[in-house]
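Since the structure comes first, as structure tokens, the remarks are kept for the end.
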């Protein structure tokens, strides 16, 4: 990613985080994520089945980009890439078992 692209993405992230609380919900463009759990790569992220994601088919498992804002009370999260509307939460073991091929 170019420096200019990174700056634009971070600026968009900062603008979105500044607006948290000024609106009741995530924007209508937010991607829905169900059967989600907090996961970790080298940074915190979400893992779950998305709905309305621009490049992941509906219901397919996805690992998000870095998680910057997480508010389960409001049902929203903001990663480097986009907003998510949080659906059903699952225990992280749900995904550990599925990714290991046990279910």
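If one computes P(r) from the Cα atoms of the chain, what percent of pairs lie at distances over 19 Å? Walk me through the numbers on the way to the answer.
On the way: 2277 of 5253 pairs.
Of all Cα-Cα pairs in the chain, 43 percent lie more than 19 Å apart.
On the first, second and third principal axes, largest extent first, how far apart are the outermost C-alpha atoms of segment 1-57 in Å?
Principal extents (Cα only, largest first): 33, 30, 21 Å.
Between residue 17 and residue 5, what is the spin-label point distance in nm, taking each point 7 Å from the Cα along the Cα→C-beta axis?
2.2
What number, rounded to the nearest 500 deg cm²/dmol, is the helix-based mean residue ellipticity at 222 nm of the chain, given -39500 (n - 2.57) per DSSP H run of at least four residues and division by all its residues?
Working: 2 runs with 25 residues, N = 103.
That calculation yields -7500 deg cm²/dmol at 222 nm.
Each reported figure results from applying straightforward, stated rules to the coordinates on display, with no laboratory input. Remember, it's a predicted structure, so these values are computed and weren't measured experimentally. So basically every Cβ, Gly included, is an ideal-geometry build from the backbone, and we count neighbours across all protein chains shown.
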